[in-house]
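Notes follow the structure.
The values are calculated or read from the model by the stated rules, or taken from the named source; none is laboratory data. Remember, predicted model here, so these are calculated numbers, not experimental data. Note that each Cβ is placed from the backbone with ideal geometry, even for glycine, and that neighbours are counted across all protein chains shown. Remember, those area values only see protein heavy atoms, side chains included, never the ligands or the DNA or RNA. Shrake-Rupley method; radii C 1.70, N 1.55, O 1.52, S 1.80 Å.
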Amino acid sequence: THVEKVGKVVCVGGGTGVAVLHPITRALKEAGNHVICIIGARSKDLLILEDRMRDASHELHVCTDDGSYGHHGFVTEVLKEVLEKEDIALAVAIGPVPMMKFVSLITKEKGVKTIVSLNPIMVDGTGMCGCCRVSVGGETKFACVDGPEFDGHQVDFDELAKRLASYLDEERTSMESFEKSNA
Ligand code: FES
């Protein structure tokens, strides 16, 4: 991740994406930025790294979809409020594809540069199999070698969501067989 001092930064994380966001948040703070974090999960028991994210940032907002902890609602709702109040120079969003998509739509309206980290299915991780291809600014990119970080305003998130759902049946079968073997 390219880290430099840009001023005020907002870091938005959802689900397990918070784990990826943590070292980036810390580095942005160490570089002298004022870092505002918004993290979310479906419910309180699925929220991770709250304390570490608090340490890594200047301001932390926590959201849960079911209202079991923190703000009742999505991270995007808090993001809108932050963007209204603060002069944000950079946004970093890492989490589920719909979250990154809507964060990018909101920041695009405000003209705030936004970095996302993409998670397409990867096979060889060397740029040869093409499995991890994503469309960014109308061009095909391989997330394993060209990313995984890209300009969120250029990413075709709908295509990424479709590609991520390609093996749902196989994933379900695999999970069932795993659960049976552990029963
Ligand atoms: Fe094979 Fe990226 S995982 S090209």
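A few points about this structure:
- Checking the Cα-Cα distances for LYS141/LYS180; LYS8/LYS108; LYS29/LYS162; LYS85/LYS162 against a 27 Å cut-off, the pairs over it are LYS141/LYS180; LYS29/LYS162; LYS85/LYS162.
- The residue among SER57, GLY17, PHE150 whose Cα reaches farthest toward the positive pole of the charge dipole of the chain, with charges on the beta-carbon of Lys, Arg, Asp and Glu, is SER57.
- Remark: the chain carries a charge dipole of roughly 280 debye about the Cα centre, counting +1 on each Lys and Arg Cβ and -1 on each Asp and Glu Cβ.
- Summed over the residues of the chain and divided among them, the accessible surface reaches 55 Å² per residue at a probe radius of 1.4 Å.
- Put the Cα centre of region 33-97 next to the Cα centre of region 157-183 and the gap is 28 Å.
- Since only PHE102, ALA89, PRO120 are under comparison, the one whose Cα sits farthest along the positive direction of the charge dipole of the chain, derived from C-beta charges on Lys, Arg, Asp and Glu, is ALA89.
- Förster-model FRET efficiency, 30 Å R0, GLU139 and LYS108, C-beta, rounded to 0.05: 0.95
- GNM flexibility winner over the chain from GLU170, GLU109, GLU149 (Cα, springs under 10 Å): GLU170
- GNM remark for the chain: springs join alpha carbons under 10 Å apart, and the peak mean-square fluctuation among GLY95, GLY152, GLY32 falls on GLY32.
- Kirkwood-Stokes translational diffusion coefficient of region 140-183, alpha-carbon pairs, 10 °C, 1.306 mPa s, µm²/s: 124 µm²/s
- Percent carbon-and-sulfur accessible area, the chain, ignoring ligands, DNA and RNA, probe 1.4 Å: 50 percent
- Each Lys and Arg contributes +1 and each Asp and Glu -1, all at the Cβ; summed about the Cα centre of region 1-69, the dipole is approximately 180 debye.
- Percent of Cα-Cα distances greater than 22 Å, calculated over the chain: 48 percent
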